[in-house]
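To start, the structure under review is shown below, and the notes come after it.
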There are 2 protein chains.
Amino acid sequence: MTLPIAARAVNTRERILRTCLRLFNDQGAATVSTNRLATELDISPGNLYYHFKTKEQIVEQLVRRFEQRLAPIQKSSPAIEAVDDFWLALHFTFEAIHDYRFVFRDADYLARTFPSARKRLQSIIAVSIATTRAQCSTLAEAGILRVNAEELQTLAFHIVFTATCWSVFAKLAADDVGDSADTGRAAYQVLTLLTPYLNEESRHYILYLRGKYRG
Amino acid sequence: MTLPIAARAVNTRERILRTCLRLFNDQGAATVSTNRLATELDISPGNLYYHFKTKEQIVEQLVRRFEQRLAPIQKSSPAIEAVDDFWLALHFTFEAIHDYRFVFRDADYLARTFPSARKRLQSIIAVSIATTRAQCSTLAEAGILRVNAEELQTLAFHIVFTATCWSVFAKLAADDVGDSADTGRAAYQVLTLLTPYLNEESRHYILYLRGKYRG
DNA sequence: GTCTATATGCGGATAGAC
DNA sequence: GTCTATCCGCATATAGAC
């Protein structure tokens, strides 16, 4: 009952991507060489080369997956009718970011080294800002968020900025070497940006949520 | 009228540091090898080695200078009596960050590769948060900023986060490849965080400043 | 598909002559 | 102080056998 050849091939390709993602997240995309990746997988460099001719191809595939992971979350924009919808979407987003944390962590290296990655990253950010603005806009129309057009834009920009860069900063500021997952803390930090602009009722709700994310 | 030998030596050392800073800022600390640095300086690798035995020593020296550059700005904390004092301090800070932008841009690489740099970076961030909190606290006592203790902490944290990571994000989000200096935009973005908590008078002042930093 | 073996180049670091 | 020459190791990439 061994798997057919085609399935085995898919499996190796899949193993490469999964393992690479893990190593990238743990050690940084710049640090993880193709050789080390092959060693970790217990396959030969030649075999790795058979599946991916360049490191760039692996990177692009992983970034593409990250993009696909974000897509359904962002599609939910119109359904954001209350603060906790926003909160939930934020949570999913941060989980995705955490699962692919190398993407933003090593953004500078990736953008510098792989032109294809650079384009994709910029696209992700542009889409994210647009989506976030749409979400905030929906909240504003529902009277939950009190902002003018300019504040809306600045807020959306700042939320995306926080989402993308938070893990870099958290890791840097942390005493320990590992990456404290704490996506809740990240979401909380973003929500704090929103707080002053919320109406009374929603602000109270935030204060309630806040209690759950402090220790 | 040639310079005495000692002075020449100091000069080469200084030239190394200056050129290295420029290359780091332009191309990234990870990308710039000691060999490329030597080539750019028109000196031999051996000569470079004479002045700095390791790349880490150069990095540490540069980070130390960045720290020293920040120090006098941070010492001015008690003198923050109005919003535009804060604004000015912010401006100086962002100028310093821009002049040493590789420090935060490549923070992950630096922290990973050079333990000495990691410690220094963490110290810089810790001091910055403390300083910022002190500044905000002064503003709060003067009735300019209306925040409770928790908001103060979160705000300080977020301000430092923005200051350190902004250039990374700005560069990533930008279409062009170069680094748009625009420290004004960065300072404006930080000030926006403060706005909702300001008293009436100061908020108007901010709105006035805002006009100067939009195109 | 997977392996072994290897080409080629660049990185940091260093010895020893001048 | 500065150079030339060079070691060593690791990176990416690849050819060719199985």
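The values are calculated or read from the model by the stated rules, or taken from the named source; none is laboratory data. Note that the structure is a prediction, hence the values are computed from the model and not measured. Neighbour counts are summed over all protein chains in view; Cβ atoms, including those assigned to glycine, are modelled from backbone coordinates with ideal geometry.
Check every one of the helices (runs of 4 or more DSSP H) wholly within segment B:16-95 and list those with 1 or more residues that are among the hydrophobic types (A, V, I, L, M, F, W, C) and assigned by TED's automatic domain parsing to the domain that holds B:TYR188.
Correct list: B:55-75.
From the list B:ALA111, B:ALA149, pick out the single residue that is farther than 30 Å from B:ARG18 by Cα and either modelled with pLDDT under 95 or not hydroxyl-bearing (Ser, Thr, Tyr) (or both).
Criteria check complete, one pass: B:ALA149.
Quick one: would you say B:VAL83 is away from DNA strand D (no atom under 13 Å from the Cβ), surrounded by 17 or more Cβ atoms within 10 Å (Cβ to Cβ) and under 22 Å from A:ASP106 (Cα atoms)? Before the answer, list the steps.
Values: away from DNA strand D (no atom under 13 Å from the Cβ): yes; surrounded by 17 or more Cβ atoms within 10 Å (Cβ to Cβ): yes; under 22 Å from A:ASP106 (Cα atoms): no.
For B:VAL83, the condition - away from DNA strand D (no atom under 13 Å from the Cβ), surrounded by 17 or more Cβ atoms within 10 Å (Cβ to Cβ) and under 22 Å from A:ASP106 (Cα atoms) - is not met.
Among the residues of segment B:143-158, are any of a type outside the set (A, V, I, L, M), within 13 Å of chain A (Cβ to nearest Cβ) and touching a residue at least 60 places away in the same chain (Cβ under 8 Å)?
No, segment B:143-158 has no match at all.
Out of (1) within 16 Å of DNA strand C (Cβ to nearest atom); (2) crowded, with 16+ Cβ neighbours inside 10 Å, the odd one out for B:GLU56 is which?
For B:GLU56, the failing item is (2).
All but one of (1) more than 10 Å from every other protein chain (Cβ to nearest Cβ); (2) of a type in the set (Ser, Thr, Tyr); (3) surrounded by 17 or more Cβ atoms within 10 Å (Cβ to Cβ) hold for B:THR162; state the number of the condition that does not hold.
Among (1) more than 10 Å from every other protein chain (Cβ to nearest Cβ); (2) of a type in the set (Ser, Thr, Tyr); (3) surrounded by 17 or more Cβ atoms within 10 Å (Cβ to Cβ), the lone unmet condition for B:THR162 is (1).
With (1) modelled with pLDDT under 95; (2) touching a Phe, Trp or Tyr at 6+ places or on another chain (Cβ under 9 Å) as the list, and B:ARG65 as the residue in question, which single condition is left unmet?
All conditions are met except number (1).
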